[in-house]
Every structure is written in C-alpha cells, then in structure tokens.
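Asks: One structure, as structure tokens, below. Some questions next.
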Amino acid sequence: MLIKRSPNGIELPFSSEITPRAVFEARRSFIRQAAVGAVSSAALLEMMNREAFAQGTHPKLAAKLNPAYSALDKQTAYKDATTYNNFYEFGTDKSDPAQNAGTLRTRPWTVAIEGEVKKPMTLDLDALLKLAPLEERVYRLRCVEGWSMVIPWVGYSFSEIIKKVEPTGNAKYVEFITLADNKQMPGVGSRVLQWPYTEGLRIDEANHPLALLTLGMYGETLPNQNGAPVRMVLPWKYGFKSAKSIVKIRFVKDQPRTSWNLSAPSEYGFYSNVNPNVDHPRWSQASERRIGEDGFLARKRKTLMYNGYNDVASLYAGMDLKKFF
Ligand SMILES: Nc1nc2c(c(=O)[nH]1)N[C@H]1C(S)=C(S)[C@@H](COP(=O)(O)O)O[C@H]1N2
Ligand SMILES: [Mo]
C-alpha cells in the first residue's frame with residue numbers, strides 16, 4: 001500500500017478515499033503499466049493526484065490562488081467534499097444533500113441586498129461573478145460536530161459587497177437569508193430548524209478579509225450540495241455559520257436571530273468561533289477528525305483556536321469567549 005505523509009506527520013493510507021469505478025479501473029490499468037515500467041512512478045503519482053481533484057460536470061471558474069489566505073494542509077478529496085455534507089434543506093443525513101440537491105435550480109438566481117445601506121441592490125449571478133476578481137483560497141472548515149475538511153474555495157472577500165452597497169451608520173450586523181422552497185428542497189418540510197436557514201455576523205466580522213463570498217470550489221462553480229450558486233465561507237467559525245444558497249443579505253441595527261441559535265440557544269451561540277477551550281454542552285471541542293484521514297492509523301487532530309486563523313483575534317479583544325460562544 002502506498003503510504004503518504006500528511007502535514008502533521010501522521011502516516012495515512014493514501015487509498016482510503018472512496019473511488020468511483022471508472023477511475024478505479026483506469027488507475028488499475030495504469031498501475032499495471034507502471035509495474036512493467038511503461039510509465040514512470042512520477043507520472044503515476046501525478047495521475048493519482050489529479051484523481052483526488054477530479055473535475056466534475058460543473059463549469060470552470062478561473063481564479064488566482066491567494067497564497068496569503070491559503071492553508072498548506074492536504075486538500076480534501078473532491079469526492080469526500082461533495083458527498084459528506086450538512087445541508088438540512090435536503091435532509092439530515094450526510095449523504096442526503098448529494099442525493100437530493102439535484103432538484104435545486106440555481107439559474108436564474110438573484111441576491112437582494114437591503115436594509116441599512118445607501119445603495120440597496122439586487123444582483124444576479126453574472127453581476128456577482130463580475131463584482132470583484134475571483135480568488136482561490138484553500139480554507140479549513142471545521143464543523144461543530146467535530147470533523148473538518150480542507151477545500152479550495154473560489155470567491156472574493158465579502159468586504160467587496162460592503163463597499164458596493166455603502167452601509168449607513170446604523171448597520172451593526174449582517175443577516176444572511178437562504179432559499180427555503182419546499183418544491184425544490186424536500187427537507188424544508190421538516191421541523192428540525194426554522195426556515196429559511198438564517199445566519200448573521202457583526203459588521204466588523206463580515207468586513208474581515210477572510211470572510212469569503214463563495215461562488216465555486218476546486219476551480220468550478222459550486223455543486224448544489226455545497227451551497228450553489230452562492231454561499232459564505234467563514235473559516236474561523238463553526239461550519240454552520242457559513243450559510244449556503246443565499247438569496248438575501250440584510251444590513252441591520254440589531255443582532256439577528258439565527259436558525260441554530262433559535263433551535264438550541266444553549267448549544268449554538270451567535271458568535272460560534274472555533275474554540276477548543278469551550279466545549280459544546282454535549283461533547284468536547286478539543287479535537288477533530290479530518291475527513292479522508294479516517295483510516296485506522298489516523299489520529300484525531302487538536303482543534304486550534306479560531307481554527308488556526310489568529311488574524312481574527314482582534315475582533316474579539318476584551319470579550320469573554322465563554323459567555324459569547
Ligand atoms: N442553508 C444551509 N447552509 C448551511 C447548512 C444548512 O443546513 N443549510 N449547514 C451548515 C453546516 S452545519 C456546515 S458544517 C456547512 C457544510 O458545508 P459543506 O457541505 O460545503 O462542507 O454548511 C453550513 N451551511
Ligand atoms: Mo456543521
């Protein structure tokens with residue numbers, strides 16, 4: 001078995017990822033050729049690397065890598081990132097979104113931006129794609145459930161939107177409201193959460209350059225199950241703050257209610273910064289499982305304060321993070 005060394009030094013089996021049959025057969029024939037010396041081992045490694053980032057059926061999105069905002073961790077396989085999802089509008093099992101989100105219509109799509117802004121506007125997808133240069137940013141995303149992934153997202157800082165709509169002095173928070181259409185989303189009939197799925201940020205958090213308005217991943221537009229056509233990615237916060245399939249953005253005076261906080265206020269606070277020192281009432285947040293490293297040799301990783309994004313620490317200076325969890 002090929003053994004690959006991960007960035008934290010843990011040895012892991014390279015072939016632990018789920019492999020589609022066609023790719024598996026191609027690889028097997030390739031490995032057979034490699035064994036008889038028909039192809040070099042460098043070419044074999046390159047081929048296997050390409051497989052981990054297999055392009056799907058989505059349109060390509062050209063974006064320049066932003067190395068200053070990119071993690072060097074081994075990237076999660078495309079297959080894992082698109083088949084192990086939380087998107088309750090399509091069901092509560094990790095495999096439900098990949099199975100059910102095919103019914104989501106992502107064009108035409110508009111995002112209404114309103115509230116305490118001088119220039120309210122409704123942007124369609126083409127306008128969003130053109131609003132600022134697209135960047136690729138490899139972010140860690142840590143779910144509150146104790147697992148994490150490393151994904152090359154495509155988008156630009158949400159601050160570009162803020163600049164464009166010119167918030168008034170009353171805009172203290174930003175509310176993200178997502179699509180809730182029971183004709184397209186079978187899970188919206190269930191009462192696990194209050195719909196539409198709503199999230200929020202303080203305006204200075206939304207203005208932090210790490211806050212990414214996201215239109216793609218792995219060099220392509222977003223798969224439906226990952227929040228097509230537009231979502232937020234906030235790498236220093238638990239995954240549920242990163243709302244998928246956004247249709248409305250409201251600049252507001254008062255701290256908005258959020259879906260997870262409404263459903264279990266003692267478990268999910270407004271801030272929800274990744275914090276290994278503040279346990280969830282029902283489990284520890286001290287460590288995490290990196291998806292794709294679940295072979296029996298894999299150890300859990302230590303969860304880092306702010307998920308390792310210490311740039312954001314000044315946003316919370318002087319705050320009691322046990323109280324404002
Ligand atoms: N609209 C909506 N957005 C959502 C969710 C959801 O259920 N509905 N789940 C959240 C949770 S819990 C996580 S961990 C991330 C997962 O994003 P990913 O599937 O792209 O990894 O999306 C978040 N955004
Ligand atoms: Mo999550």
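Laboratory data are not the source of any read-out in this text; all were calculated from the coordinates shown. Because the structure is predicted, anything quoted here is derived from the model rather than measured. All Cβ positions, glycine included, derive from the backbone under ideal geometry; neighbour counts span all protein chains shown.
Asks: Taking the condition buried (at least 21 other Cβ atoms within 10 Å of the Cβ) and in contact (Cβ under 8 Å) with a residue 40 or more places away in the chain, does residue 298 pass?
Replies: For residue 298, the condition - buried (at least 21 other Cβ atoms within 10 Å of the Cβ) and in contact (Cβ under 8 Å) with a residue 40 or more places away in the chain - is not met.
Asks: Which residue is farthest from the chain's Cα centre (by Cα), if the candidates are limited to segment 162-199 and must be closer than 18 Å to residue 232 by Cβ and within 16 Å of ligand 2 (Cβ to nearest atom)?
Replies: Only one residue tops the list, namely 193.
Asks: Which pairs do you get when a residue that is free of Cβ contacts under 8 Å to residues at least 40 places away in the same chain and of a type outside the set (A, V, I, L, M, F, W, C), found in segment 54-76, comes within reach of a residue that is surrounded by fewer than 17 Cβ atoms within 10 Å (Cβ to Cβ) and in a strand (DSSP E or B), reach meaning Cβ atoms under 6 angstrom, with the pair 6+ apart or on two chains?
Replies: From residues that are free of Cβ contacts under 8 Å to residues at least 40 places away in the same chain and of a type outside the set (A, V, I, L, M, F, W, C), there are no pairs.
Asks: In segment 234-281, which residue that is part of a strand (DSSP E or B) and touching a helix residue (DSSP H, G or I) at 6+ places or on another chain (Cβ under 9 Å) is farthest from residue 142 (Cα to Cα)?
Replies: For segment 234-281, the residue satisfying everything is 251.
Asks: Given the options 158, 251, 176, name the one that is out of contact with any Lys or Arg (no Cβ under 9 Å at 6 or more places or on another chain) and either under 30 Å from residue 56 (Cβ atoms) or buried (at least 19 other Cβ atoms within 10 Å of the Cβ) (or both).
Replies: 158
Asks: Out of 159, 148, report the one residue that is hydroxyl-bearing (Ser, Thr, Tyr) and more than 16 Å from ligand 2 (Cβ to nearest atom).
Replies: On inspection, the qualifying residue turns out to be 159.
Asks: Could I ask something else about it? Quick check: anything in segment 155-166 outside any loop (DSSP other than H, G, I, E, B), within 16 Å of ligand 1 (Cβ to nearest atom) and out of contact with any Pro (no Cβ under 8 Å at 6 or more places or on another chain)?
Replies: Yes: segment 155-166 contains one or more residues that are outside any loop (DSSP other than H, G, I, E, B), within 16 Å of ligand 1 (Cβ to nearest atom) and out of contact with any Pro (no Cβ under 8 Å at 6 or more places or on another chain).
For every residue, the table says whether it meets (1) closer than 16 Å to residue 188 by Cβ; (2) part of a loop (DSSP other than H, G, I, E, B); (3) of a type in the set (Phe, Trp, Tyr); (4) away from ligand 1 (no atom under 15 Å from the Cβ).
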residue: 82; (1), (2), (3), (4): no, no, no, no
residue: 94; (1), (2), (3), (4): no, yes, no, no
residue: 97; (1), (2), (3), (4): yes, no, no, no
residue: 111; (1), (2), (3), (4): no, no, no, no
